[in-house]
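Novice: Below is the structure I would like to discuss, written out as structure tokens.
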Amino acid sequence: MEFNIDDLPVLFPYPRIYPEQYAYMCDLKKTLDAGGHCVLEMPSGTGKTVTLLSLIVAYQQHYPEHRKLIYCSRTMSEIEKALVELKELMKFRAQRLGREEEFRGLGLTSRKNLCLHPSVKREKSGSVVDARCRSLTAGFVKEKKEKGEDVDVCIYHDNLDLLEPHNLIPNGVWTLDGLLRYGEQRKQCPYFTARRMMQFCNVIIYSYHYLLDPKIAERVSKDLSKDCIVVFDEAHNIDNVCIESLSTDITEDSLRRATRGAQNLEAKINDMRDSDEKKLQDEYEKLVEGLRGADEGRQEDAFMSNPVLPDDLLKEAVPGNIRRAEHFVSFLRRFIEYLKTRMKVRQVISETPESFLTHLKEYTFIEKKPLRFCAERLTSLVRTLELTNIEDYQPLQEVATFATLVATYEKGFLLILEPYESDTAEVPNPVLHFTCLDAAIAIKPVFERFSSVVITSGTISPLEMYPKMLGFNTVVQESYSMTLARKSFLPMIVTRGSDQASISTSFQVRNEPSVVRNYGSLLTEFARITPDGMVVFFPSYLYMESIISMWQGMGILDEVWKHKLILVETPDAQETSLALETYRTACCKGRGAVMLCVARGKVSEGIDFDHHYGRTVLCIGVPFQYTESRILKARLEFLRETYRIRENDFLSFDAMRHAAQCLGRVLRGKDDYGIMVLADRRFQKKRAQLPKWINQALLDADTNLSTDMAVSAARRFLKVIAQPFPTSAQEGVSIWTKADLAAHQEKMAHELILELQAQQAAAQNAPRVVEERPDSDYEMDDDDEAAMMELGA
Amino acid sequence: MSRSPMVCTDDMCPVCKTIRYLNKDMEFLINPECYHSMCSNCVNRLFNDGPNQCPYAGCHRTLRRKGFRSAFFGDLSVEREVDIRRRVAAVFNQAEDDFETLRDYNNYLQMVEDLTFDLVSGNEGKRRNAEAQLQQWEASHKAEIERNRKAGREADEQARRRLTAEKEAARQRRLDAIREAEEEKRERLMSREAELDNMAAPEGQRVQLKRRGQTSRVETAMNTAMATADVGKLSIRGLKEKKKAPAPEGPYDPFGGMDFVPSRYKLGEGLSHPQIEKYRYDPGHTTGGYDFDEYTARVMFEAFAGMGVFIEDEKEVGIGLSASQVASIGAGIAAVGDKMELD
């Protein structure tokens, strides 16, 4: 389908378009034209990704600036999906335009997913793959090889050097799979191909972390130009990603291993002093001069990069007391010992970085400034020593990261020491959390650097919360509703059981037998009437376990068992994926199944239950966070003091975005249908916080139902919706053909004209005065001039 | 000082071999003479009757009961290092603002670090050298050390005060928030009750409840926040200000640099007019101190005196227009403004 938005020709790879997709494109274009940020909410399953891509690619190709697109998504599967969409789009464009465009689109993910080296790729953990890869591809390894020494190298990586550096891979869109295949064919490393080609790409698709986590962003995304268009898709959790990227945890075990790392480091230094004194001396000289090797920090083989945001880096020479390698190691050891001593305390401590530093200085004479340089100094030392088994130094790196962060940031951070895992635990297992409380810190550089940032998701309500929390201003802030030819989903709020007793998972009543029984009967009733698959979400694993065991005692599970298979999500990813597989099979075979999951678990975020895989979603209880967590408490207090967001507002906002995310699981397109049940008394008041598209479909009559009423409404709904419904009935209403679109555009243009005319008419009332004033001014000037002429003559 | 960084087994006393299983609250003590750790029972047993030799084999130091204390660090070599650092830091206590360039400061830091390192892990000769250097520095920089110590103490004191003030303010704010929330809850309850009452009462007597005092409370909260922000002024200590050579003094200027050269015209030499030419040599006008050019200068000044002042600007807008005209102008402007926004 081909159409114009203002002057921009858009090629859309499907023969029909949804009205909300068109509206989305218009707003997106407005944002890009104005050069600002925007927050857009579009219902899940309405083709957000393809809409975004087709508009932005059209924008890129039409205007001479060719602004690059950086598309950030959350999970690997979403990245792959977006790449496939992009590939389809480009194929369509080529077909339509009759030529291949000069275009390159690449996805980037971690080394673990893109490695081809026969032994390295077999490693399980990502950090081990990273470390081993570095030890094979570091600059000094190559130097050694050239000198004729016998060292291991990666042939895939070295082959890249034989190619032209700006043309490692031909034009086109490369999915991750395709990239791997191409790499295998040509024997070249897919990871480094993608990394190095990033500057020459039109579209880059990668994970949030490459842009938000300063440890990676500095290396990967530094060269991207200012006019890039940045898109954060599925961004409803973006604040948590920001916070995680600047937080670290330190455990006793990691300290122990860090000590070992420091000892190894010391031994290496002594070795090197005996064998190759000159290298140490060189490093020392360089540090004295305050020289940083040209772009040293962001070489792709660097051991680690600075965890601090680029704005907060101190650009000066390394302090004198850690310039010598042995001084630095003793410095590190002192710091680690200090942390160990702090960990011995058996009560919870929460303190600000400032008071931590004061205490540290008092006991170890470690000043703030050298601490700030810790990460940088360690990187330099590791490079000088040419260490190869980098994974041994991982814990040391963690400690150095922590040191640098704690010495750099005073505001918006907190140190929390928790000696026990839970309140009832007897055996201490201390963890030192260094938590970031302010999501705006990590994302600030992104907003400052790039002119257009688009934040979008299926559930990002209330929209104004995000600009507030992340500290930015928007040009456009819009939530689209879903246009439907018939009511294809039925949201309901169930507040009472059949016996009229109110149901809620609030802490006081959640284990009362009547509440549990009412939830149980709700489950059995819906299991009876729902065809095929059904998904149930609980607020937490703990509650799910306890309620399931109580249901077992009441015989409720047996009742459900008659209608459906019961499957349960567990924290273990493998078990869960097995359960999902079984669930899918049961739905396909017609047996039907119930999936019991947790509202903040893996299933609630990434798994789609489209069509018969999910006909009912039942959200038992408001999925509040665990409010006793000290980190959460600290963050709430920070939000209240800094952004004036009240505790309860934030908690309920957070709970509702997860609830909405759960509800969105079952509706993945316009031909899909499903029932959404929110089962808690408290949902009634939180209705306004649901996304617009759900809220609009929620009738007032359906907000305070008892179980039996809900069941009869659902039965009625299912009866109607199960009738055959031809696609042609949707055309013109919820699906537009080209003619419909043209009609709509004409209508909009007509409306615009009418509006303008109305304005003109309004302006006509007082046009004379407005126009005369400037005229009279000019006339006076003319007179003056004439008078002057006369005088002159 | 025999250095044997005894791996501190946290569960057995190396002297009497008691294990923690038998004595739950066993406490280990060290003496900074030799850093050998032993349990408090052993310390009492051995040193209650005055000074005695260290019970470790090969260690012949005489220890006193008074010197024993519990170690802060688990690793005793670090404990010892920190003790030495404490001593060094008391002498080498210069701060960044005592130096003119960063490089000097860094060199100083390295010098101190080298010295400390020698003291901690150097051999006998190096240690003695370092010790001598330390003493020499102390002797030669006595006044400076004292001054810096005082400054450091003051800074510490200030920092501590600021911290406590901040903590107090945070506590206060938390209390305020709780109170606010409670008040709101109560108000909500009250308004609901009032609504119910209204429903019971005959209609037409709806009372609007207003939230009073809300704004003022927020304001006071803001004020306290502001006040706490400048409790202990932030003391930023950077490098010392560089000594600059004083700028050379120019000739004395009675007007302090004010410029009297006219900007709109230029006074040429020998301006004249036939009418006044005769006065140039008239003794009545050329009395002492009077310069004839002053006259032309003043004439020029007066001629240009009004330039650049526009009476139109001074006038208030709308003078001479009737009220209705003004209103229609306003409407016109508003209409145009609307249109621009919509476009």
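Novice: Could you line up A:Ser577, B:Ser77, A:Ser461 from fewest to most neighbouring Cβ atoms inside 10 Å?
Specialist: Ranked by crowding around the Cβ, least crowded first: A:Ser577, B:Ser77, A:Ser461.
Novice: Further question on the same structure: Checking a compactness column here: for the stretch A:466-591, what do you get for Rg(Cα) / (2.2 N^0.38 Å), N being the number of residues?
Specialist: This ratio for the stretch A:466-591 stands at 1.36.
Novice: Amide H to amide H under 5 Å from A:Ile205: which residues, 5+ apart in sequence or cross-chain, H placed 1.01 Å off N in plane?
Specialist: A:Tyr71, A:Leu106, A:Gly107, A:Leu108
Novice: Pairwise over distinct Cα atoms, reciprocal of the mean inverse distance: report the Kirkwood radius of the stretch A:29-133 in Å, one decimal place.
Specialist: That comes to 16.4 Å for the stretch A:29-133.
Novice: When the Cα atoms of the stretch A:375-448 are enclosed in a convex hull and the volume is divided per residue, what value in Å³ results?
Specialist: Taking only Cα atoms, the stretch A:375-448 has a hull volume of 140 Å³ per residue.
Novice: Based on the alpha carbons, how large is the Rg to Rh ratio for the stretch A:393-436 when Rh follows Kirkwood? Let's see the in-between values first.
Specialist: Details: Rg = 12.8 Å, Rh = 11.9 Å.
Across the stretch A:393-436, the Cα-based Rg/Rh ratio is 1.08.
Novice: Quick one: which of A:Lys68/A:Lys670; A:Lys340/A:Lys368; A:Lys369/A:Lys411; A:Lys222/A:Lys602; A:Lys91/A:Lys226; A:Lys147/A:Lys278 span more than 21 angstrom between C-alpha atoms?
Specialist: From A:Lys68/A:Lys670; A:Lys340/A:Lys368; A:Lys369/A:Lys411; A:Lys222/A:Lys602; A:Lys91/A:Lys226; A:Lys147/A:Lys278, over 21 Å: A:Lys68/A:Lys670; A:Lys222/A:Lys602; A:Lys91/A:Lys226.
Novice: Continuing with this model, one more query. Give the dimensionless ratio obtained when the Cα radius of gyration of the stretch A:149-256 is divided by 2.2 N^0.38 Å.
Specialist: Here the Cα radius of gyration is 1.34 times the empirical estimate.
Novice: Something else about it: Summarise the partner chain shielding of B:70-82 as one whole number: the mean count of Cβ atoms from other chains within 10 Å of each residue's Cβ.
Specialist: Averaged over the peptide's residues, the number is 4.
Novice: How big is the Kirkwood radius of the stretch A:544-651, worked out from every pair of different alpha carbons and given in Å to one decimal?
Specialist: Numbers: mean 1/r = 0.0612 Å⁻¹.
Evaluated over the stretch A:544-651, this radius sits at 16.3 Å.
Novice: Quick one: A:Arg682, A:Arg260, A:Arg122, fewest Cβ neighbours within 10 Å first, how do they rank?
Specialist: Working: A:Arg682 19, A:Arg260 14, A:Arg122 9.
Fewest to most other Cβ atoms nearby, the residues stand as A:Arg122, A:Arg260, A:Arg682.
Novice: Another question, if that's okay. For the stretch A:359-512, build the convex hull from the C-alpha positions and give me its volume per residue in Å³.
Specialist: 292 Å³
Novice: Please rank A:Ile229, B:Ile276, fewest neighbouring Cβ atoms within 10 Å first, as an exposure proxy.
Specialist: B:Ile276, A:Ile229
Novice: Next question, about the same structure. Per residue of the stretch A:518-527, in order, report the coupling 6.51 cos²θ - 1.76 cosθ + 1.60 (Karplus, θ = phi - 60°) as ³J(HN,Hα) in whole Hz, putting x for Gly and Pro.
Specialist: So the J values, rounded to whole Hz, are 5, 4, x, 5, 4, 4, 5, 4, 6, 5.
Novice: Using 1/(1 + (r/R0)^6) with R0 = 60 angstrom and r between the beta carbons of A:Ala739 and A:Asp572, what's the FRET efficiency to the nearest 0.05? Show your work: numbers first, answer last.
Specialist: Values: r = 53 Å, r/R0 = 0.88.
Efficiency at R0 = 60 Å is approximately 0.70.
Novice: Continuing with the same structure: Quote the relative contact order of chain A in percent (integer), defining contacts as alpha-carbon pairs under 8 Å separated by 6+ residues.
Specialist: The value is 16 percent.
Novice: Which one of A:Ser506, A:His359, A:Ser728 has its Cα pushed farthest toward the positive end of the charge dipole of the protein assembly as shown, where Lys and Arg give +1 and Asp and Glu give -1 at the Cβ?
Specialist: Farthest towards the positive pole: A:Ser506.
Novice: Okay, moving on. Assuming R0 = 60 Å, what is the FRET efficiency of A:Asp274 and A:Thr424, from their Cβ-Cβ distance, to the nearest 0.05?
Specialist: Rounded to the nearest 0.05, the efficiency is 0.65.
Novice: Also: Could you sort the peptides A:173-180, A:339-346 by per-residue average Cβ neighbour count (10 Å cutoff), highest mean leading?
Specialist: A:173-180, A:339-346
Novice: Relative to the present Cα-Cα distance, how much length would full extension add between A:Ala485 and A:Leu752 at 0.36 nm per residue of separation?
Specialist: Length difference between fully extended and current span is 93.5 nm.
Novice: What does the average come to when, for each residue of peptide A:588-601, you count the partner chain Cβ atoms lying within 10 Å of its Cβ? Intermediate results must be reported in sequence, preceding the final value.
Specialist: Values: counts 0, 0, 0, 0, 0, 0, 0, 0, 0, 0, 0, 0, 0, 0.
Partner Cβ neighbours, averaged per residue: 0.
Novice: Return the FRET efficiency for the residue pair B:Asp313, A:Glu101: r is the Cβ-Cβ distance, R0 is 45 Å, and the value is rounded to the nearest 0.05.
Specialist: 0.20
Novice: Quote to one decimal, in nm, the extra length available between A:Ser506 and A:Asp608 on full extension: 0.36 nm per residue of separation minus the C-alpha distance between them.
Specialist: Numbers: separation 102, 0.36 × 102 = 36.72 nm, distance 2.83 nm.
Additional length available on full extension: 33.9 nm.
Novice: Using unit Cβ charges (K, R positive; D, E negative) and no other charged atoms, how large, in debye to the nearest 20, is the dipole of the protein assembly as shown about its Cα centre?
Specialist: Dipole about the Cα centre, nearest 20: 5520 debye.
Novice: What list of ³J(HN,Hα) values in whole Hz, one per residue of the stretch A:500-505 in order, does the Karplus curve 6.51 cos²θ - 1.76 cosθ + 1.60 (θ = phi - 60°) give from phi, with Gly and Pro shown as x?
Specialist: Result, rounded to whole Hz: 6, 7, 6, 10, 6, 9.
Novice: Evaluate peptide A:325-336: per residue, the Cβ atoms of other protein chains within 10 Å of its Cβ; return the mean as an integer.
Specialist: That works out to 3 on average.
Novice: Would you mind checking the radius of gyration and Dmax of the stretch B:106-184 based on alpha-carbon positions, in Å?
Specialist: Using the Cα atoms of the stretch B:106-184, the pair Rg, Dmax is 23.5, 75 Å.
Novice: Additional query: Amide H to amide H, which residues 5 or more places from A:Arg668 or on other chains are under 5 Å from it, using H placed in the peptide plane?
Specialist: A:His611
Novice: Here's something else I'd like to know. From the convex hull of the Cα coordinates of the stretch A:312-401, what is the mean projected area in square nanometres?
Specialist: 6.8 nm²
Novice: Please report, largest first and rounded to whole Å, the three semi-axes of the ellipsoid equivalent to chain A, where each semi-axis is the square root of five times an eigenvalue of the C-alpha gyration tensor.
Specialist: Values: eigenvalues 438, 332, 171 Å².
After scaling each eigenvalue by five and taking roots: 47, 41, 29 Å.
Novice: Tell me which residues come under 5 Å, amide H to amide H, from A:Gly533 once H is placed; ignore anything under 5 positions away on its chain.
Specialist: The answer is A:Ala593, A:Gly614, A:Arg615.
Novice: I'd like the distance between the alpha-carbon centres of the stretch B:87-141 and the stretch A:485-542, rounded to an integer number of Å.
Specialist: Rounded to whole Å, the Cα centres lie 72 Å apart.
Novice: What do you get when you divide the Cα radius of gyration of the stretch A:466-532 by 2.2 N^0.38 Å, with N the number of residues?
Specialist: Dividing the Cα radius of gyration by 2.2 N^0.38 Å gives 1.78.
Novice: Which value, in Å³ per residue, describes the convex hull spanned by the Cα atoms of the stretch A:661-710? Kindly include the intermediate steps, with their values, before the conclusion.
Specialist: Values: hull volume 4.7 nm³, N = 50.
Measuring per residue, one finds 94 Å³ for the Cα hull of the stretch A:661-710.
Novice: With a 10 Å radius around each residue's Cβ, average the other Cβ atoms per peptide and rank A:469-481, A:658-670, A:746-758, B:156-168, highest first. Mind dumping the intermediate values first?
Specialist: Values: A:469-481: 18.2, A:658-670: 24.2, A:746-758: 11.0, B:156-168: 14.1.
Put in order of decreasing packing, that is A:658-670, A:469-481, B:156-168, A:746-758.
Novice: When the Karplus curve 6.51 cos²θ - 1.76 cosθ + 1.60 is applied with θ = phi - 60°, which whole-Hz ³J(HN,Hα) does each residue of the stretch A:507-517 get, with x for Gly and Pro?
Specialist: In residue order, the calculated couplings are 4, 6, 10, 5, 9, 5, x, 5, 5, 4, 5 Hz.
A short reminder: the numbers here are calculations on the coordinates, not readings from a lab. Predicted model, so just to flag it, every value in this text is computed and none were measured. As a convention, Cβ positions derive from the backbone with ideal geometry for all residues, glycine included, and neighbour counts pool all protein chains shown.
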